[in-house]
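Colleague: Could you have a look at this structure, given as C-alpha cells, before my questions?
Coordinate-derived values only; no laboratory data. Computed from a prediction, not measured in an experiment: that's the story for all the values here. Please note: Cβ atoms are built from the backbone with ideal geometry, for glycine as well, and neighbour counts cover all protein chains shown.
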Amino acid sequence: MRYLLETSFLVSLLKGDPAAVASVRRRERRGLAAAFVSLAELYFGALISSDAERGREAVEGLRRRLTVLPLDEETCRVFGAEAARLAAGGVAMPATDLVIAATCLRHGLALLTTDPRQYKQVPGLKVLTATD
C-alpha cells in the first residue's frame, strides 16, 4: 500500500471528478487506503444527503476498493506527538485532519488530497494532489 486518500479526495471520486478518477487509476496497483475517520465522514455526508440510500451505496462501493486503516495505538502516539508539536507552535489543525496525517505517517503512506495547504504543516508527510 502506498497512498492514503483523504476525505476531500474521496468526495471528488464519489462525484466522478475526472482528475481524481485518473489519479486513482494511475495509482491503484500500488495500493490505496483510507483512514477510518474519512470513511465515517463519508457515511455522515451520505446519510444527511437528499438521497441517503444512494449515497450509502456509493460509499460502500468505494469502500470495497480501499483498505480502511483503523486507529491503533501507534497512530494515537503519532497523533499526540504531532498535535503537541503544532500546539507548541501555535498552529491549529482540525482533529480529523490530524488523524488522517498521523495515519499516513504511521504507515509510511503518501497523502492524496484536494487541500494540500492544510497538510503542509505536518513535517515528513508526503502530500500529493490528483495532478501530481
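Colleague: Would you mind telling me which numbered condition in (1) in contact (Cβ under 8 Å) with a residue 40 or more places away in the chain; (2) under 11 Å from the mean Cα position of the chain (by Cα) Leu98 fails?
Modeller: All conditions are met except number (1).
Colleague: Continuing with this model, one more query. Give me the residue from the range 33-76 that is part of a loop (DSSP other than H, G, I, E, B) and small (Gly, Ala, Ser) and, out of that set, surrounded by the fewest Cβ atoms within 10 Å (Cβ to Cβ). Walk me through it before giving the result.
Modeller: So the first thing to find is which residues in the range 33-76 are part of a loop (DSSP other than H, G, I, E, B), and the list is 48-51, 64-66, 70-72.
Filter again for small (Gly, Ala, Ser), leaving 49-50.
Working: Ser49: 13, Ser50: 6.
The extreme case among them is Ser50.
Colleague: Would you tally the residues in the range 78-93 being in contact (Cβ under 8 Å) with a residue 24 or more places away in the chain and either within 26 Å of Leu32 (Cβ to Cβ) or in contact with a Gly (Cβ under 9 Å, 6 or more places away or on another chain) (or both)?
Modeller: The total comes to 3.
Colleague: Mind listing whichever residues of the range 77-116 are surrounded by fewer than 14 Cβ atoms within 10 Å (Cβ to Cβ) and part of a helix (DSSP H, G or I)?
Modeller: Arg77, Gly80, Ala81, Ala84, Arg85, Ala87, Ala88, Ala95 - these are the residues of the range 77-116 that are surrounded by fewer than 14 Cβ atoms within 10 Å (Cβ to Cβ) and part of a helix (DSSP H, G or I).
Colleague: Mind listing whichever residues of the range 22-32 are surrounded by 14 or more Cβ atoms within 10 Å (Cβ to Cβ) and part of a helix (DSSP H, G or I)?
Modeller: If the condition is that a residue be surrounded by 14 or more Cβ atoms within 10 Å (Cβ to Cβ) and part of a helix (DSSP H, G or I), then Ser23, Val24, Arg27 are the ones that fit.
Colleague: Among Arg106, Arg29, Arg64, which is the only one that is among the basic types (Lys, Arg) and either in contact (Cβ under 8 Å) with a residue 24 or more places away in the chain or over 23 Å from Thr129 (Cα atoms) (or both)?
Modeller: Numbers: Arg29 fails: either in contact (Cβ under 8 Å) with a residue 24 or more places away in the chain or over 23 Å from Thr129 (Cα atoms) (or both); Arg64 fails: either in contact (Cβ under 8 Å) with a residue 24 or more places away in the chain or over 23 Å from Thr129 (Cα atoms) (or both).
Only one candidate qualifies: Arg106.
Colleague: For the range 1-21, what are the residues that are in contact with a Lys or Arg (Cβ under 8 Å, 6 or more places away or on another chain) and either among the aliphatic types (A, V, I, L, M) or surrounded by fewer than 21 Cβ atoms within 10 Å (Cβ to Cβ) (or both)?
Modeller: Keep residues of the range 1-21 that are in contact with a Lys or Arg (Cβ under 8 Å, 6 or more places away or on another chain), which gives 1-3.
Across the range 1-21, the qualifying residues are Met1, Arg2.
Colleague: Looking only at residues in the range 101-132 that are in contact with an Asp or Glu (Cβ under 8 Å, 6 or more places away or on another chain) and among the hydrophobic types (A, V, I, L, M, F, W, C), which one is farthest from Ala34 (Cα to Cα)? Working first, answer last.
Modeller: Start the filter on the range 101-132 by keeping residues that are in contact with an Asp or Glu (Cβ under 8 Å, 6 or more places away or on another chain), which leaves 101-102, 105-106, 111-115, 118-119, 122, 130.
Subset that is among the hydrophobic types (A, V, I, L, M, F, W, C): 101-102, 105, 111-112, 122, 130.
Values: Ala101: 11, Ala102: 12, Leu105: 13, Leu111: 9, Leu112: 10, Val122: 18, Ala130: 15 Å.
Here the residue is Val122.
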